[in-house]
Amino acid sequence: MSTAPPAIAVSDLAHAYPGRAGPVPALRGLTLAVAPGEFFGLFGPNGAGKTTFIRILATLVTPTAGRARVLGLDVAAQPAQVRARIGLVSSNENSFYGRLTARQNLEFFAGLQGLRPSAARLRAAELLDVFGLRAAADAPAQTFSTGMRQRLNVARALLHDPPVIFLDEPTKGLDVLAAANLRALLKDELVGRRGKTVLLTTHDLAEMEQLCGRVAILEAGRLRAAGAPADLIREASASVIYRLELAEPAPALAGQLAGLPAVAAVTAVSATILELTLRGAPGRELWAALAAADVPVQRFAPKDDGLVTVLKQAQPA
Amino acid sequence: MTRLLALTRRGLLHAASYRLSFFGNYLGAALVLIFYRVLAEFYGAAQPAALAAYGGDYFTFLLIGGVLARFFSLGLKQFARELEHELTAGTLEPVLATAAPPTLALLGPALWTFLEGLLIAAAQLAAGALLLGADFSRADWPAALALGALTLLALSGWGLLAAAFVLVFKRADPLSWLADVTLYMFAGVYFPIPLLPAVLRPFAYALPLSHALEGLRLALMRGEPLAGLGRYLLILLAFSAALVPLGLWALRAGLRHVRRTGSLGHY
């Protein structure tokens, strides 16, 4: 990881929304940092606090406690300076003036960002090109498909060329192909070509693994794990549950496997299916024990793949 | 300046995209002049003594009251109306996430309507004078402009309060209703305030628009110079000094509230 000062740094960040029965915590003492130029992912179930986190960084929500800094600027004390340096892609696809064309929308937001009319026109035209919207540039935004609106949404975030971009579930509601196209565009344009620091929230595991150099997993407003997706998967594999499917019942096998040092626990799901909680990757002893078993093994594999395991482990029992 | 231009242009483009309503607005502005003329003809010579202070010309009296009340009512209602529209359209959050100052982002969407309202009011007064016989031959225009600017400022203070109300409670209805009733019932738009029952007159004079219309009619119909309008200027200045800071404070407090509660995007 870079030794440069972090592009995003939060410490003990907390936020609670008012509720009828008292404050409802959305973030509880979150501390993390994102390096300049990093593509950082926030991953977690619904209600984990991901969107609240992005809205705090975008100065749309005021934190209840703790500090958040973007490029060294405090989001609560210096919101105007922060907003000049960030681009926000919200998950709300209906965030344009529907009766205005894509070009008019982009020129308007460019003007709000302080670009002069001539510069706004040029910038809007350039981004409409980059995001494949030139042909539809003069059509009302309300006639756009979800995929086109999301591309317009990303283009809007880049109008003033901010160094930091927040993407809140950018592929939400997109079909597989549109999502893949947008992901490729995000990776190539934002980080590859423009060197932006990107903070992404998503529910899509493949998206997270494909785009993000590092990931933080939030659960109920708390940071449960953080690191490179591959590392998190490897760490999760350290105590991963494997599913063993046998061709026929083998009553003695569960006892034999439970005695092995690599096996923390064995649960019989049925007469022919066992779940093994391992202390690490399956070792030679375990493979040997399975090979020596009297019954043929039909399948032996992790119960969940990749970040699903990480996410499940992040959740309290 | 760039941001003001962007907001004004956006307002124009949005308004013009509703073509029928856009042109209907201008047609309505023309038709209302004919309505005022017909109404003035209907009353004919039976004009009350209360009009004597303005020279007894009911058409000019009505034209000034109707046209300017409509324009000034924008100050009362338009900030809230535009803000409500931004909330329901989902555009408020992206606008507030830009580098534009939040107060400008919240109030700016009303800019085009104010500009359009000003142009329509000027055109109505001109058409009233050139085509329908309104008499502005003695008008002191600089005095009227100064009084008009102060009136818009005073009413905008109330408009800021209405916008803060929308930001927090998401609906403008209660304040909008109140604004309409107070404007057209009590402010002397269609008749001189002394014609109101005595018990209602204090309510009328509690409104800045009542003083504004009185002062403007004196400036436009009798040519009263600024020096002779001191009472009206002072009253409007007092309303502005009280309402504008209060409105700005309410708007900022409203913004702090929605940021704290995370309800900025709610509607």
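The values are calculated or read from the model by the stated rules, or taken from the named source; none is laboratory data. Quick caveat, the model's predicted, so the values are computed rather than measured. As a convention, Cβ positions derive from the backbone with ideal geometry for all residues, glycine included, and neighbour counts pool all protein chains shown.
Of all residues in the range B:244-255, one or more are touching a Phe, Trp or Tyr at 6+ places or on another chain (Cβ under 9 Å), within 14 Å of chain A (Cβ to nearest Cβ), in a helix (DSSP H, G or I) and under 30 Å from A:ARG55 (Cβ atoms).
Exactly one residue out of A:ALA136, A:ALA125, A:ALA141 is closer than 23 Å to A:ASP168 by Cα and touching a helix residue (DSSP H, G or I) at 6+ places or on another chain (Cβ under 9 Å), and it is A:ALA141. Summed over the range A:31-49, the residues that are within 17 Å of A:PRO63 (Cα to Cα) and either buried (at least 24 other Cβ atoms within 10 Å of the Cβ) or among the hydroxyl-bearing types (Ser, Thr, Tyr) (or both) give a count of 3.
Just to be sure, is A:THR277 of a type in the set (S, T, N, Q), in contact with a helix residue (DSSP H, G or I) (Cβ under 7 Å, 6 or more places away or on another chain) and outside any helix (DSSP H, G or I)?
On the way: of a type in the set (S, T, N, Q): yes; in contact with a helix residue (DSSP H, G or I) (Cβ under 7 Å, 6 or more places away or on another chain): no; outside any helix (DSSP H, G or I): yes.
Criteria not met by A:THR277.
Does A:VAL24 satisfy the condition of being at pLDDT 90 or above and at negative phi? Walk me through it before giving the result.
On the way: at pLDDT 90 or above: no; at negative phi: yes.
No; evaluated as a whole, the condition is false for this residue.
Residue-level check: of (1) crowded, with 19+ Cβ neighbours inside 10 Å; (2) at pLDDT 85 or above, B:ILE34 misses just (1). Scanning the range B:201-228 for residues that are among the acidic types (Asp, Glu) and without any contact (Cβ under 8 Å) to a residue 40 or more places away in the chain yields a single hit, B:GLU214. Looking at the range B:87-148, the helices (runs of 4 or more DSSP H) lying wholly inside it that each contain 3 or more residues that are away from chain A (no Cβ under 14 Å) and closer than 30 Å to A:ASN94 by Cα sit at B:111-131.
Please indicate, with yes or no, whether at least one residue in the range A:156-165 is within 14 Å of chain B (Cβ to nearest Cβ), surrounded by fewer than 18 Cβ atoms within 10 Å (Cβ to Cβ), more than 21 Å from A:ASP231 (Cα to Cα) and among the acidic types (Asp, Glu). Lay out the reasoning, then the answer.
Going residue by residue through the range A:156-165, those that are within 14 Å of chain B (Cβ to nearest Cβ) are A:156-165.
Among the residues that remain, those that are also surrounded by fewer than 18 Cβ atoms within 10 Å (Cβ to Cβ) are: A:161, A:163.
Filter again for more than 21 Å from A:ASP231 (Cα to Cα), leaving A:161, A:163.
Still in the list and also among the acidic types (Asp, Glu): A:161.
Yes, because at least one residue in the range A:156-165 is within 14 Å of chain B (Cβ to nearest Cβ), surrounded by fewer than 18 Cβ atoms within 10 Å (Cβ to Cβ), more than 21 Å from A:ASP231 (Cα to Cα) and among the acidic types (Asp, Glu).
Of the strands (runs of 3 or more DSSP E) lying entirely inside the range A:1-89, those carrying at least 2 residues that are under 27 Å from A:ARG149 (Cα atoms) and away from chain B (no Cβ under 12 Å) are A:39-43. Within the set B:ALA80, B:ALA69, B:ALA50, the sole residue that is modelled with pLDDT of 85 or more, away from chain A (no Cβ under 14 Å) and part of a helix (DSSP H, G or I) turns out to be B:ALA69.
Residue pairs whose Cβ atoms lie under 9 Å apart, sitting 6 or more positions apart in sequence or on different chains, and linking a residue in the range B:124-136 that is under 14 Å from B:GLY66 (Cα atoms) to a partner that is part of a loop (DSSP other than H, G, I, E, B) and of a type outside the set (A, V, I, L, M, F, W, C), are B:ALA134/B:ASP57.
Look at (1) under 23 Å from the mean Cα position of the chain (by Cα); (2) within 14 Å of chain A (Cβ to nearest Cβ); (3) surrounded by 12 or more Cβ atoms within 10 Å (Cβ to Cβ) and you find that B:SER17 fails only one, number (1). Those helices (runs of 4 or more DSSP H) of the range A:193-274 in which 2 or more residues are of a type in the set (D, E, K, R) and surrounded by 17 or more Cβ atoms within 10 Å (Cβ to Cβ) occupy A:205-211. Considering only residues in the range A:92-133 that are among the basic types (Lys, Arg) and not in a helix (DSSP H, G or I), the one that is nearest to A:ARG149 (Cα to Cα) turns out to be A:ARG99.
Of everything in the range A:95-120 that is without any contact (Cβ under 8 Å) to a residue 24 or more places away in the chain and within 7 Å of another protein chain (Cβ to nearest Cβ), the residue that is farthest from B:ALA100 (Cα to Cα) is A:GLN104.
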